[in-house]
Amino acid sequence: MDHDGVADVVPEADDGWASQIGPKNINITNIAIVGANRTKSDVFRYFLDDIVKASTFDDLIGRLQKGGARLQVLGIFDGIDFHVDRDEDGGSYGGTNTAVVVRVIEKKLTETKIENETTPDGTTWSVSSAIKNYFGTGESFNAQIQMGKRPSSFQIGYTKPLLYGSKRVPKTFDAHLFKSAHDYTTYGSYTENVRGIMLRTFIDRHQFSYEGSWRTTDITGPLGSPLVAQAGDSFKSSVRYSTARDTRDHHLLPTRGYCVTATSELAGLGGDTFFAKQDATLQYNIPLTRGISINYLLKGGIMLPLSVPPPSSAAPLPPLPVMLVLSL
């Protein structure tokens, strides 16, 4: 694939067939998939069924580019390319009979990464492993563990592309079980352990999710600490909606474009944690000269408790303030 995320289309007709037919009508009479040892034919049928509607050679190339780019987004192929030529055995359908060969290189079934980050505060190790495309429909099983100076965490998850409806709108579902341990004794006199489940559905730029998490807070400071009232166990059950618009030329080191994200969360669908939260982020990048740009970052959010009385054994929590952070 090239840097724009469009799969390469290679018409390799030795006799110059592609240039000979020009704007003449074509008929797709044969489609062959090569190299798909695990990937099921339903995946290719979903993303490439439009190519049979091609009426000219240029139309076919455009449809193959779009279909190849959508296949590449699945993350299960190291390479995708196409061979287009005359189909000598395709019969006669009132046009130039055309055969398409789709060649793919599948990624390895398993992948493991070990990462290390060292800072003045300490060292953090991260190990992640994934099993990709085991059932042949683009799914992924993954696990990650992190240990060291940063919060220790562990999660296992399952991700699956949703192959229905319009292929122009990418859709994915994932589910994760997670556990994390945070140590805030240095500046907060407490520790926090969280474990739970996260279910998410991605539809184009939109994300819908549910989180159910059990939180245990242990106070390590003096008994008079204002955090004592919040010590112990709590359960959060919340739904969340996020959307984003990203025109940046690079996700990590952008030089132009902008990214806007907005997230809404409502907690209180069961459990004992009740709040409504809204936050948004804007990043804007202005290029000055080659390799030099100005980046603006604006963050804002509001978090409000819902009017649910706290248990009689716990002190009422103070109102949560409106929070606004501006960073340049």
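How about segment 284-296: which of its residues are more than 14 Å from LEU253 (Cβ to Cβ) and touching a strand residue (DSSP E or B) at 6+ places or on another chain (Cβ under 6 Å)?
Let us first name the residues in segment 284-296 that are more than 14 Å from LEU253 (Cβ to Cβ), namely 284, 286, 288-289, 296.
Listed by number, the residues that qualify are TYR284, ILE286, TYR296.
For segment 54-132, which strands (runs of 3 or more DSSP E) that fit wholly inside it have 1 or more residues that are of a type in the set (S, T, N, Q)? Before the answer, list the steps.
On the way: elements: 77-86, 96-106, 110-119, 122-132.
Passing ranges, in order: 96-106, 110-119, 122-132.
For segment 5-26, indicate whether the set of residues that are in a helix (DSSP H, G or I) and at pLDDT 90 or above is non-empty. Walk me through how you get there before you give the answer.
First, pick out the residues of segment 5-26 that are in a helix (DSSP H, G or I): 17-21.
Retained after the next criterion (residues that are at pLDDT 90 or above): none.
Looking through segment 5-26, none of the residues is in a helix (DSSP H, G or I) and at pLDDT 90 or above.
The values are calculated or read from the model by the stated rules, or taken from the named source; none is laboratory data. Here the structure is a predicted model, which is why all the values come from computation and not from measurement. All Cβ positions, even for glycine, are placed from backbone atoms using ideal geometry, and neighbour counts span all protein chains on display.
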